[in-house]
1. Restricting the search to the stretch A:218-246, which residues are more than 7 Å from every other protein chain (Cβ to nearest Cβ), in a helix (DSSP H, G or I) and not aromatic (Phe, Trp, Tyr)?
2. Might you let me know whether the stretch A:261-283 holds any residue that is at pLDDT 95 or above, closer than 30 Å to A:Arg303 by Cβ, within 17 Å of the chain's Cα centre (by Cα) and within 11 Å of chain B (Cβ to nearest Cβ)?
3. Could you list, in sequence order, the residues of the stretch A:6-23 that are part of a loop (DSSP other than H, G, I, E, B) and surrounded by fewer than 16 Cβ atoms within 10 Å (Cβ to Cβ)?
4. Of everything in the stretch B:39-57 that's assigned to a helix (DSSP H, G or I) and buried (at least 18 other Cβ atoms within 10 Å of the Cβ), which residue is nearest to the other protein chains (Cβ to nearest Cβ)?
5. Hey, can you tell me all the residues within the stretch A:204-217 that are away from chain B (no Cβ under 13 Å) and under 19 Å from A:Leu329 (Cα atoms)?
6. May I ask you to say which residue of A:Thr290, A:Thr253 is closer than 18 Å to A:Ala414 by Cβ, among the polar types (S, T, N, Q) and more than 9 Å from chain B (Cβ to nearest Cβ)?
7. Condition first: assigned to a helix (DSSP H, G or I), out of contact with any Phe, Trp or Tyr (no Cβ under 7 Å at 6 or more places or on another chain), within 14 Å of another protein chain (Cβ to nearest Cβ) and modelled with pLDDT under 90. Can you find one or more residues in the stretch A:68-79 that meet it?
8. Answer with yes or no whether A:Ala248 is in contact (Cβ under 8 Å) with a residue 12 or more places away in the chain and buried (at least 21 other Cβ atoms within 10 Å of the Cβ).
Amino acid sequence: MSAPMTAVGEPNVTAITFFFLFVALTVGITYWAARRTKSTEEFFAAGRVISGRQNGFALAGDYMSAASFLGIAGLVSLSGFDGLIYSTGWLVGWPVVLVLIAEPLRNLGKYTFADVVSYRMRQTPVRIAAALGTLAVVVFYLIAQMVGAGNLIRLMFGLSYDMAVGIVGAVMLIYVIFGGMIATTWVQIIKACLLLGGALLMAILVLAQFDMNPLHLFAAAQAKYGDAVLAPGKLISNPWEAVSLGLALMFGTAGLPHILMRFYTVPDAQAARQSVFWATGLIGFFYLLTFVLGFGAMVLVGRDVITGVDVGGNMAAPLLAEAIGGKGLLGFIAAVAFATILAVVAGLTLSGAAALSHDLWVSVVRKGHADHVEQLRVARVATVLLGIVAVLLGIVFKGQNVAFMVGLAFAVAASGNFPALVLSIFWRKSTTNGMVACIVVGTVTSLLLIYLSPTIQVDMLGKAHAWFPLRNPALITIPLAFVVGIVVSLAKPEADALAAYDGKERRMILGVVED
Amino acid sequence: MIDDLQALQVLARKRWRMAIALSMVMVVIYFGFLLLVAFNKEGLGTPIVPGLSVGIFLGAMVIVLTWAVTLFYVRWANANVDEEIKRLNARRGGAR
């Protein structure tokens, strides 16, 4: 059953054909979108005319990265149950986004989450801090996607790493520069449909060999590799580590700039609410599918073959595609994975560009006095800069662990951005100084503690001990950011911010109505 | 207009309480699951039927409950918040 021969890593005609079809379609959409992108409102928020359901698909597209598709399927194929710890963690963040963030964000902000945090505050300090938090998350997430893209494409198409990174950067720039958020949104929607469709097709083909019953598949895995595949394994050994990882996964989603930005593309708070409902349904369904695919790869491909191609197991899903559908399906799945990375990178770049141009240039440098032509030009320049940075970082960080980088992005998002958002939205007494301290302390301490963690000190630098015992800092840094934000706010009350709270609350609930 | 301000604050508090309650529900669900993974590995490995362990079942339940919480909130907000917002916005419009 598990043939040692595989076409993974060879140039694949089907893959290249499907990939070109995807690029042709999305560039066509970009051309259409470019003619509709005349103002910053269209460039950053798609003119706010995306429906709740469309935005739900686009959110799912932004969130279901290649790391989750290839990474979770791989983790499940090698360790069974443990994959569920990540997939549930990435899903449980969504109700938090729904009940705490989505609606207030839509009603209070314009393009970035800094709009919301700085709403009642002095603009310059809060904007700078929030842009810092945004860029930290965007950069780590971009590195993860770029490194993933390079490895994936090298393994799947046989292209060189640097060339793969370059292609992703170039195509992504076409979408974002010309089509802005309108093109990015439709790229996300198409990608979400392709990824869900591809995963569903594979799951059906796998389950067809097991009487369409997942339990028969799991039982086959049990028979092949023992009862351990259905029980918790090595991933969680220390309860503190488990809680810390869980906190980062659960509250990180609510601090991811490219996810938050999507809520500005819908017309109102009700549509923002519906969009999270759709996104949660789609993403949960996708994780159930990846679980089936992981077990399918474990049984139908075999662990030794999977680790033979890639030690981390990242090629489990493509290998499974080949085992159940031959080179044709492999090619299709490879092209879908490529498209997936492309779409996520486009969303990330756009959110980074919004922080650079809307928060730093327009609000801080120009104090809000920049006309639409200038804003749009700066937004495009920022996009190009970020695209170049992304490609360079992808090449510099070649060989780094992708899952680690994503974990880093989630830890920073959960510790830097999420506490400031919650405090500024819901706490009357929050102040400019408090929010700046909250973001800076959350971001800096999470980066510092990651540097001092066993992942860097022991695994990467080869030291015997790490100063900080946990691999994920969220257990310390999330509460710390909240405490710092609260203490600094209480230490020096800000009369203007306090006075503006009632007006802010009105707008947060009722939305923007002229009065 | 004082009534409106009060109604708005009542609505804000109602939303805030629901948001906190549902966030806590999610924390209990997910961290309950994680702590079982950390402290009761054998228990989660117990088979229910061939191919299904307690752990796999509970993991799938976390996903299903996440959907349920999302559905619950959307239905609650559609039924309890939107009407009130419409009413307050109409009053605001009418007062002008």
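The values are calculated or read from the model by the stated rules, or taken from the named source; none is laboratory data. All of these numbers come straight from a predicted model, not from anything done at the bench. Quick reminder, even Gly has a Cβ in these numbers, built from the backbone with ideal geometry, and neighbours come from all protein chains shown.
1. A:Ala220, A:Ala221, A:Ala223, A:Lys224, A:Ala228, A:Val229, A:Glu241, A:Ser244, A:Leu245 - these are the residues of the stretch A:218-246 that are more than 7 Å from every other protein chain (Cβ to nearest Cβ), in a helix (DSSP H, G or I) and not aromatic (Phe, Trp, Tyr).
2. yes
3. Within the stretch A:6-23, A:Gly9, A:Glu10, A:Pro11 meet the criteria.
4. The selected residue is B:Gly45.
5. A:Ile204, A:Leu205, A:Val206, A:Ala208, A:Gln209
6. Of the residues listed, the single one that is closer than 18 Å to A:Ala414 by Cβ, among the polar types (S, T, N, Q) and more than 9 Å from chain B (Cβ to nearest Cβ) is A:Thr253.
7. Yes, some residue in the stretch A:68-79 is assigned to a helix (DSSP H, G or I), out of contact with any Phe, Trp or Tyr (no Cβ under 7 Å at 6 or more places or on another chain), within 14 Å of another protein chain (Cβ to nearest Cβ) and modelled with pLDDT under 90.
8. Spelling it out, A:Ala248 is indeed in contact (Cβ under 8 Å) with a residue 12 or more places away in the chain and buried (at least 21 other Cβ atoms within 10 Å of the Cβ).
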